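Student: Mind looking over this structure? Questions follow.
The values are calculated or read from the model by the stated rules, or taken from the named source; none is laboratory data. Keep in mind the model is a prediction, meaning the values are calculated, not measured. Cβ sites come from the backbone with ideal geometry, for glycine too, and all protein chains shown count toward neighbours.
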2 protein chains.
Amino acid sequence: MAEFKANPRNRVMRYPKRAAYDAATVHAILDEGLVCHVSFVMDGQPFIIPTIHARMGDQLLLHGLKGGRMLEHINAGNPLAVAVTLLDGLVLARTVFNHSMNYRSVVLFGRGASIEEPAHKLEALRCLTEHVCRGRWADARPPTEKELQATTIVGIDIEDASAKIRKGPPGDADDELEWPTWAGVLPLPTIPQPAETDPRQQDALPVPAYVRDYRR
Amino acid sequence: MAEFKANPRNRVMRYPKRAAYDAATVHAILDEGLVCHVSFVMDGQPFIIPTIHARMGDQLLLHGLKGGRMLEHINAGNPLAVAVTLLDGLVLARTVFNHSMNYRSVVLFGRGASIEEPAHKLEALRCLTEHVCRGRWADARPPTEKELQATTIVGIDIEDASAKIRKGPPGDADDELEWPTWAGVLPLPTIPQPAETDPRQQDALPVPAYVRDYRR
């Protein structure tokens, strides 16, 4: 799918000029984000849970311990909304009204089902692990049969999605520029710090290159 | 309120040892987060929107342009779930199964109503501005009557809330420690970078101290 079709469910209503519906933009934000938030409904009550995700092709993967409320609910075919938000910086305008943030976000809608076929399930788990830390799958001890049985993985078909992006300097109007205050953007990137070796580490092993040079 | 009472709606089901229900812990996470995600339901369909928030006493504030779908929905008294998640680092265990993240999150439930009384509304806007950047309210051009009219602010009474926190090294079992791979934590803090002055800045004003030394 090259483009998600805008419709009443996924159309960006506020600041539509910030919207994007192409799959490349949507996928890039999903792939960079480490955390998503899942919105679902039980008996008319909205719930929200933050969790790890990964994209496998056109599907979004979620996982957790077997028997979890959210995963059981997803596996029953109920509708979901999922968001991934990357905060890039503060936009400090001259006017309170024009203050904003620079960000890249995706909201998607879909339904999911658990992945049961063993090879598919293992590949999904590899995809989740590599999403969080590329290179880790080859080094970590693979899941045992018992651990696989204790894990539920769901694949969500992305029915609708949209991205929303704000970047650049403050949007004050021309006749506001003389207000005597500094204005600009404060970048707020996530910057990996030196890794902290587990105190229980038994052998003196070096920090792997994919951890030392970690980048999203 | 010193403590939120755990009940079927807000009780942390997965890893209950990571849960906290005291207001001080919940408030500290809400206060540090720059973005929240709001989950709501329309015609049985879950929606989710990322937005700026602030806490004013026991209420959570949200704002936006007047007429926005989410704010109208909140103002009609519909139930909400809101999450704030702070990601602290990757937990790279020896086993794929024990991989995790260090994080601090809050999920809260409540209903909101718009704040209309002018002094209250201005104070809420001050609270939102200062939440994002302490010190900014005094420097920025205050909202005009027209801008205030174009802005909706809602106050959400927090009915239930819970926090969930994971910290520390990987949780591999003792009999897993000999697996020959490095294990530990990769800290992923948000680190403010030098501010980028608006290219349209008219006078050579210094970057304010509250921007230069910005910390959450």
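Student: In the list B:Val211, B:Val207, B:Val154, B:Val132, which residue meets the criterion of being surrounded by 15 or more Cβ atoms within 10 Å (Cβ to Cβ) and more than 29 Å from A:Trp182 (Cβ to Cβ)?
Tutor: B:Val154
Student: I've got another one for you. Under 7 Å by Cβ, and 6 or more places apart or on different chains, what pairs join a residue from region A:46-63 that is at pLDDT 95 or above with one that is among the hydroxyl-bearing types (Ser, Thr, Tyr) and not in a strand (DSSP E or B)?
Tutor: Between residues of region A:46-63 that are at pLDDT 95 or above and residues that are among the hydroxyl-bearing types (Ser, Thr, Tyr) and not in a strand (DSSP E or B), there is no close pair.
Student: Please give the number of the condition A:His63 fails out of (1) farther than 28 Å from B:Pro8 by Cβ; (2) more than 13 Å from the chain's Cα centre (by Cα).
Tutor: (1)
Student: Let me ask something else about it. Scan region B:60-78 residue by residue and report those that are outside any helix (DSSP H, G or I) and surrounded by fewer than 17 Cβ atoms within 10 Å (Cβ to Cβ). Before the answer, list the steps.
Tutor: Of region B:60-78, the ones outside any helix (DSSP H, G or I) are B:60-68, B:76-78.
Matches in region B:60-78: B:Leu65, B:Lys66, B:Gly67, B:Ala76, B:Gly77, B:Asn78.
Student: Answer yes or no as to whether A:Gly112 is at pLDDT 95 or above, at positive phi and more than 10 Å from chain B (Cβ to nearest Cβ).
Tutor: Values: at pLDDT 95 or above: yes; at positive phi: no; more than 10 Å from chain B (Cβ to nearest Cβ): yes.
No, not satisfied.
Student: Now for a different question. Before we move on, is B:Thr129 among the polar types (S, T, N, Q) and in contact with a strand residue (DSSP E or B) (Cβ under 7 Å, 6 or more places away or on another chain)?
Tutor: Values: among the polar types (S, T, N, Q): yes; in contact with a strand residue (DSSP E or B) (Cβ under 7 Å, 6 or more places away or on another chain): no.
Taking the combined requirement at face value, the residue does not satisfy it.
Student: Return the total of residues in region A:95-105 being more than 7 Å from chain B (Cβ to nearest Cβ) and either modelled with pLDDT under 95 or over 28 Å from the mean Cα position of the chain (by Cα) (or both).
Tutor: The number of residues fulfilling the criteria is 0.
Student: Counting only residues that are aliphatic (A, V, I, L, M) and in contact with a Phe, Trp or Tyr (Cβ under 9 Å, 6 or more places away or on another chain), which one in region B:83-92 is surrounded by the fewest Cβ atoms within 10 Å (Cβ to Cβ)? Can you show your working first?
Tutor: Keep residues of region B:83-92 that are aliphatic (A, V, I, L, M), which gives B:83-84, B:86-87, B:90-92.
Next cut, in contact with a Phe, Trp or Tyr (Cβ under 9 Å, 6 or more places away or on another chain) only: B:86-87, B:90, B:92.
On the way: B:Leu86: 20, B:Leu87: 18, B:Leu90: 23, B:Leu92: 29.
Checked region B:83-92; the qualifying residue surrounded by the fewest Cβ atoms within 10 Å (Cβ to Cβ) is B:Leu87.
Student: Given B:Pro194, B:Pro187, which one is without any contact (Cβ under 8 Å) to a residue 24 or more places away in the chain and surrounded by fewer than 18 Cβ atoms within 10 Å (Cβ to Cβ)? Break it down stepwise before answering.
Tutor: On the way: B:Pro187 fails: without any contact (Cβ under 8 Å) to a residue 24 or more places away in the chain.
Exactly one residue qualifies, and that residue is B:Pro194.
Student: Does region A:68-94 hold any residues that are among the small types (Gly, Ala, Ser), within 30 Å of B:Pro194 (Cβ to Cβ) and under 20 Å from the mean Cα position of the chain (by Cα), and which are they?
Tutor: First, pick out the residues of region A:68-94 that are among the small types (Gly, Ala, Ser): A:68, A:76-77, A:81, A:83, A:89, A:93.
Filter again for within 30 Å of B:Pro194 (Cβ to Cβ), leaving A:83, A:89, A:93.
Scanning region A:68-94 gives A:Ala83, A:Gly89.
Student: Taking the condition modelled with pLDDT of 95 or more, within 11 Å of chain B (Cβ to nearest Cβ) and buried (at least 16 other Cβ atoms within 10 Å of the Cβ), does A:Ala124 pass? Give the derivation first.
Tutor: Numbers: modelled with pLDDT of 95 or more: yes; within 11 Å of chain B (Cβ to nearest Cβ): no; buried (at least 16 other Cβ atoms within 10 Å of the Cβ): yes.
Criteria not met by A:Ala124.
Student: Would you check if B:Val82 is touching a strand residue (DSSP E or B) at 6+ places or on another chain (Cβ under 7 Å), in a strand (DSSP E or B) and under 15 Å from A:Ile48 (Cβ atoms)?
Tutor: So B:Val82 passes the test.
Student: Then there is this: Output the residues belonging to region A:2-42 that are under 16 Å from A:Met56 (Cα atoms) and more than 19 Å from the chain's Cα centre (by Cα).
Tutor: Initial filter on region A:2-42 (under 16 Å from A:Met56 (Cα atoms)): A:2, A:23-36.
Matches in region A:2-42: A:Ala2 only.
Student: Counting only residues that are without any contact (Cβ under 8 Å) to a residue 24 or more places away in the chain and over 22 Å from B:Ala204 (Cβ atoms), which one in region A:142-181 is farthest from the other protein chains (Cβ to nearest Cβ)?
Tutor: Result: A:Glu145.
Student: Looking at region A:21-43 only, could you name the residues that are within 21 Å of A:Pro189 (Cβ to Cβ) and of a type in the set (Gly, Ala, Ser)?
Tutor: Once the filter is applied, which keeps residues that are within 21 Å of A:Pro189 (Cβ to Cβ) and of a type in the set (Gly, Ala, Ser), region A:21-43 yields A:Ala28, A:Gly33.
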